[in-house]
Structures are given as C-alpha cells and as structure tokens.
1. For C:H163 and A:V291, what does the FRET efficiency come to when R0 = 45 Å and r is the distance between their Cβ atoms, rounded to the nearest 0.05?
2. In the protein assembly as shown, how does Rg compare with the Kirkwood Rh, expressed as the Rg/Rh ratio over alpha carbon atoms?
3. For the charge dipole of the protein assembly as shown, defined by +1 on Lys and Arg C-beta atoms and -1 on Asp and Glu C-beta atoms about the Cα centroid, which residue among C:G129, B:L52, B:A193 has the Cα displaced farthest towards the positive pole?
4. Going 7 Å from the Cα of B:T222 along its beta-carbon direction, which residues of region C:70-104 have the amide nitrogen within less than 14 Å of the resulting point?
5. Could you pull out the chymotrypsin sites (Phe, Trp or Tyr not before Pro) across region C:107-189 that fall in loop regions by DSSP (anything but H, G, I, E, B) with no more than 13 other Cβ atoms inside 10 Å?
6. Ignoring everything except DSSP H segments at least 4 long, calculate the 222 nm mean residue ellipticity for chain B; use -39,500 (n - 2.57) per segment, divide by total residues, nearest 500.
7. Nearest 20 debye, what's the magnitude of the dipole of region A:8-221 about its Cα centre given +1 on Lys and Arg Cβ and -1 on Asp and Glu Cβ?
8. Among the listed pairs A:K46/B:K108; A:K144/B:K108; A:K46/B:K103, which have their C-alpha atoms separated by more than 28 angstrom in this model?
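A short reminder: the numbers here are calculations on the coordinates, not readings from a lab. Please read all numbers here as calculations on a predicted model, not as lab measurements. Please note: Cβ atoms are built from the backbone with ideal geometry, for glycine as well, and neighbour counts cover all protein chains shown.
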Amino acid sequence: MSDVQPLVHARGLVKRFGDFVAVDGIDIDVAPGEAFGFLGPNGAGKSSTMRMISCVSMPSAGELRIFGMDPVREGPRIRGRLGVCPQLDNLDPDLTVRENLTTYARYFGLSRAQARARAEELLEFAQLRDRASSRVEPLSGGMKRRLTIARAMVNEPDLVLLDEPTTGLDPQARHLLWERLFRLKQQGVTLVLTTHYMDEAEQLCDRLVVMDGGRIVAEGSPRSLIESYSSPEVVELRFGGQELAGFVAPLDGVGDRVDVLPDRILLYAKDGDAAVSEVHRRELVPSSVLVRRSSLEDVFLHLTGRTLVE
Amino acid sequence: MVTLTVARLVSGRVSVGRVGAVVGRNVGALRSGASYWLVLVSGFFEPLLYLLSIGVGVGALVGRIPVGDGRVVSYAVFVAPAMLAVSAMNGALSETTFNFFFKMRYAKTFEAILATPVRPIEIALGELSWAMVRSSVYTALFLVVMVVLRLADPVWALAAFPATMLVGLSFGALGMAVSTLLRGWQDFDLMTAAQFSLFLFSGTFSPVADYPGVLAVVVRVTPLYHSVELVRGLASGVPQWGLLGHAGYLVVMAVAGLWFAARRIERVLCA
Amino acid sequence: MAHPAVAVLERHLTLYKRLWRASLFSSFVLPVLFLASIGLGVGGYVGEVGGVPYVEWIVPGVLASTAFQMAVGECTYAVFGEFRWNRGAHAMFATRVSVWDMIGGWLLYIVFRVEIAVVVFLLVVGAFGVLSSPWVVLTPLVAALLAVAVAAPVTAFSATIDHDSYFALLFRFVMLPSTLFAGVFFPVEQLPPVVRSLAYLSPLWHGVELSRAATSGAAPLWPVWAHAGCLLVFAVGGVWWAGWAFRRRLQD
C-alpha cells in the first residue's frame, strides 16, 4: 500500500444527517486492481460511504481522497474517471438500449464515433446485442442491471462503484451478473461494491470490511475473516418446536462456541461430523442436522450478534 | 334503440345503494389529501379567468355584439354563458377522463370494485354521478359570479342551472366512453387538443354564423356548440323552442355515452 | 472534447426525436387556433387597436405567450421526473457533468424548442401578410430571452417541490393569469392599477412589449433596455435558484 497510491483513501470519514450519524469515522484504502467490498445489513452506512466516494455527497468530517484528489473541490474531474452503478437503476426509459450507452458516453466527452464504437463493445459485454434497438422499459430487472453496469464502463473508468449490484434480482440473473463482474475483475478493473449478501461478498471481493452502525467492525479477505472470527465448520441443529435455550448447557463443550437463533442452534466446530457424533453420544435428538462450511454470515453473527438479512 | 338498450341494462338490476357506494368511494378519496382538493378548486378558476380576460378585457375593445335574435348585448354578456357551459364541460371531463382512466387502467380501482356485487353499469352510473357533482359545484359558483357581475338575471340564472347539469351529464358520459378507448397517456394529448379546439370554436367567443362555411357546418355537429347555445338561450333570458333541439342532442349523447362506457368496462375488465 | 453542456443538450434532443408528437399540438397548432378564434373571430368586432387591425395587434402577443407557455410547460413534469421518476439527473451527475452543465444544456434545449415554434408561427402568420415591420427579425431573439427568463425559474421550482400537484397551481394561478392578463389580448392599461402592477411583474408582459415593438416597429411602453433588463433579472435569478435547487437534490 505504501508504494502505490490508493485509488480511495479515507481517514476518520464521517457522514451526518442532522443528528443521525450514518458513517462514524471509517478508515479505508483501496489499491488499484483490487475488488473491495462493504458488507453489512441495511442501514450500516454502506450506501452513504459509496455516495461520498462517488463525489455526490459531501463528507461531514474526516479526510477523503479519490485518485489523490479532493472530492469537494474536484468533483467533476473525479467523476469523469469513475463508473457508477447506483442501487436504483436510473436508465433513460424512453431511449433505446444503445442510445442509453451513447448518450452516457457523450457526458464523458467521447466523440460520437467513439461513443458508437464503445456502445457496441458494451452491448456485447452486457449480452444485450439483440435488444440494442429496444426501449429500456420492457427489459427484465437483470437486463436493466447489466445495462446499468455496462453504462458505468463506458468511460473505461479507473474505478467502478457498484451499490448493491444484485439486490432484487432472481438467482439466475444474479449468477449471470456475477460472471460479468468477475470478467471485469480479471481485466484488472478496480471494483468497490456494497452488498448485504455474504455469498456475493465471498464470490467477488478480494478484501472487504464488515460495517455495522456506521463503523467498520472487521477487515480482511473473506477467507481470513472466516478464519479469525469463526470455526471452519458449522453444525445447524433444529429441535422441532422445543425451547432452544434449554439445549445450551447440554451442548457445552461440543464445539468452540454455541449460538442460539430463533429457529435453530449453531454449533461452531473444527470438525462438523465429530461434533455431530458427540451430540448423538450425549443422547440429544435433533429433528434435523446440517453440517456446512463456515461463511461470512457466521462472521457477521459473531461480530454483531445479529444476522445479515433480517 | 339505444335508449331501450340502456333501459333494459338498467331496469330492475341497478341498485341505488351500489351506485351510491361507488360515489362514496370518490367522496372518501377527497380525504386523501390537500393535493386533490387543490386541483378540484383550481379547476373552477379557468373559465372564470377567461371570462374576465376575453369577456371583460377584450370586451372593452368590442363594446356590444349582436346575438342571433336581433338584440345587441355587451360582449361580456355574450361570453359569460359560453364560459358557464365550458365550466360544466371541464368539471365533468376532468373526473371522467383523467381520473377515470387512472382508476380503470392503473389503480385497478374498478377491478377491485367488480370483485364485489357491483356491476359495470353501476360503476359507470356512480362515476357519472360524481362527475355531475363536481360539474354542478363549478356551474353553481359560476352562476353566482355572473349574477354578481350583472352578467345574468338571477331568475334566468336559476333556469340555466339545470341546463348546465345536462351539459355536465352528457360530457361526463362522453368523456367516460372515450376514456375506455384510450390506450395510454399519450392519447391524452389528443384529447386535450380536441377539448381545447372545442373551447375555442363553439360559438364561445364569436357567433358561429361568422365562421367560414365549412367550419360553421362542422361546429354545428359538435357537443359544446349545442351546450353553449342551450345555456346562452336560457341565461340571457330569451328561451326559444329551438333550445329543445339542443337539449335533445345532449340527452342522446348522455345515454349513448353511458351505454357505451358500461359495455366497454364490461369488456375490458370482465373478459 | 465537446463541452458537457452540449452532451446534455444532445440527450434532450435525442429524447425529443422520440417524443416530439406529444407536443405537436401545443407548440404549433394551438397558437394558430388562438389567433383564429380570438384574433379573427373576436377581432372582427374590435376594429383597430393602436392604429393596427386587432389580429395584427395580437400576433406578437400570441407569439410571446407561445414562448412563455412552452417554457413553463416543458420545465415542469419533465424536470420533476428527472429527479423523482427516472432519476436522469442523478445519472448525469455521476459523470463529469456539473450542475451548471445540466442547467445550461437544458436551457439551450428549451430555447431550441421555442425557436422552432416561433419561426413556424412567424412563417404561418407571414403568409397571411400581417407582418410589416422589418424589425420582426428580432422577435426570435426576444422569444429566446423570454424563454430563458421563464424556463430558468420554473426549472428551479420543479426541482424544489416535493409533490407534482403543485404544477396544477402553477398552471392555473401563474401561467394562465399571465397569459390572459399580461397584454397579450388587450392592453394592460385597461387593468385596474393593482392588477396592472401584477402584470408588470410577469416576464410575459415584458416579452409581449418587446415582441410587439419588434413587429410594429413602434417604441414599447418602457425603454427597451428596461424590459430586457427585467427579463435578464428573471433569467439570472432563475439560473441561480436552479443551481441551488439542483445541488440540494443531487448532493444529499
């Protein structure tokens, strides 16, 4: 980090709305080529942070530099090098798919010929070539989102910001989108994204910060976070309709830790199968047993005592 | 023929209570907020401002103008009944076009109502009654203004009121019938254009007899012309038998519009 | 590299290419209908005003009021929607386009729209031979100034309000009274003094006076610089207000 200038550099960054503190003093550095994620539930301060990085929202306090420039004074210059995919699609519904790309390209100062050429490349990338002349309105949610991401690439940005890129999409559309984003990553494009899906964070991010209540509560690669804050495996136990709190004492010592959720008990262990045998040896009879690899969801639960999607 | 069909559609099967319930829904919507009220109240001012500008303002340049029967009246007296008829038209159309279309196509209000025992003709009658209420409030207020400005005699103003109700009824029915045919918001531009053309060329600002030949013929078959003639005849205090012809035209339009609208609601929503 | 405001203008033109039919009537047909109904129809009973036939007298008024009504009409729902419905303004603001580029490009577009309507109107009216003064070539310039003086504050208003029902108020209590009482159809000297001073506050009246001066070749009521100055104040004030309103909407 010391020899390369970070694309995003924040120290003690704060965003207040009246009395409400949305972002409460965070430090981040995003290096070129990195895929960096903000993971957290709704209201954690991710979108507010993203809006400050995209230079449309002014920091209330702290230091923020994008490409080494001050977003307050050099907003348009910075935005000229950014690609932004907002949480809510803001495509032009009355224009065609192609026109959405060319019109947007012109905002960045591309010549008409450049804009046309770039639009063709991006139609390919977004897999929307056969819809190029159709209006945006009738497109599916997944297509619109792919178009929004393609549009964000129109100026060959140095940094792409994606706010909740797959929220509201069906599973198939999400996987298609992840595949497209993964391509960008392979091409060396720097990505900064927010998500409240742990699978998305695991899929796409080289490094991420977990946010809660406007603060960063943990930082690292998905693997290292899981290693530091959870055990390799998790056993999910259900006990029909029985009162779960009563099982905590009998399960003591089976794994590293026990968490009681409203509908199930989570047992953190190095070896899930061994833990299950131990449960049976203690003559406990769960109605269902599931052994799985530990995920970021478990990290988040451990750090905040809450689940990500509530 | 059409009258018979409507009589059959209506007879014995229409419940006043259910029609009332449709009207009641509209009354309830009044409580939905200040914005609807604002639009409601502001609609009254449009014809009044035209009366003051063209009738009084330009009227000062005109002086007096001959009306068909040989009398000569001040220009404002000539324009005022026309604006009264326009007021009835606007009041009824604003409910049965824009609002009606929204309820039918977007808010799915009618779909929800039809899931109850209420029938299409009852929706049409309910919506029309509501449009009549709005239109009548406009015209009653407008008549008060006319009397205050000495543009109409109080007795003849009272006589003109039922005529404005007929105008509201027939335009309400027409508006509803047209709304069931509209494909989308873009068609409203066409309808607004038509409404404004009627407003400018229905003997509103100058006698139809002055219009060039073809235009005069076309105008004589359009509804606002008959409305203006009927209302002007009564408000100016010189009723003639010919007014019955204008009234007859409006009655036929009301019945036909209502019948058509009910059938279209049935076809669009009960298919 | 094209100026960002030009890119914004292009975007609005692209949209216009798709949606021009909707405004055909109000831009081109309505002014002519007004002229026929009031100018010819009522004019037949008026005779002359200010030494010219009535229809000739209201031509510059109808021309200015067309520019005025278009400027109001185009800057309401379209601007409101850019912030509230399709969020097109947010999309632009995510690029190197600044708030001033957005406003500049938008006003250029409005001027373009108004100029087409005004030129078509002049051609139609000119065909009937009611344009006599050579100064008439200045009317497009007057229309452009009036359009900006009206479009800028209305754009700002549309970016400020939180509910689109305020437009009904704007149309009925600002636009319509202006159109009807700002000297388009009869001289404002006829108005009672209180109402007359309201007419002086309307940019349309200044536009009508300048436009009438151009078509008749006679000097307007106030000096030309005073009328033009009033319109300029509206334009500059409106742009400033719009800048404030846009920034407030787009940054937090």
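1. Numbers: r = 55 Å, r/R0 = 1.22.
About 0.25, to the nearest 0.05.
2. Details: Rg = 33.9 Å, Rh = 31.4 Å.
When Rh is taken as the Kirkwood radius, the ratio is 1.08.
3. My answer, from the dipole projection, is C:G129.
4. No residue qualifies, since no backbone N sits under 14 Å from the label point.
5. Qualifying residues, ordered by number: C:F128.
6. Numbers: 12 runs with 189 residues, N = 271.
Calculated mean residue ellipticity at 222 nm is -23000 deg cm²/dmol.
7. In total the dipole reaches around 680 debye.
8. A:K46/B:K108; A:K46/B:K103
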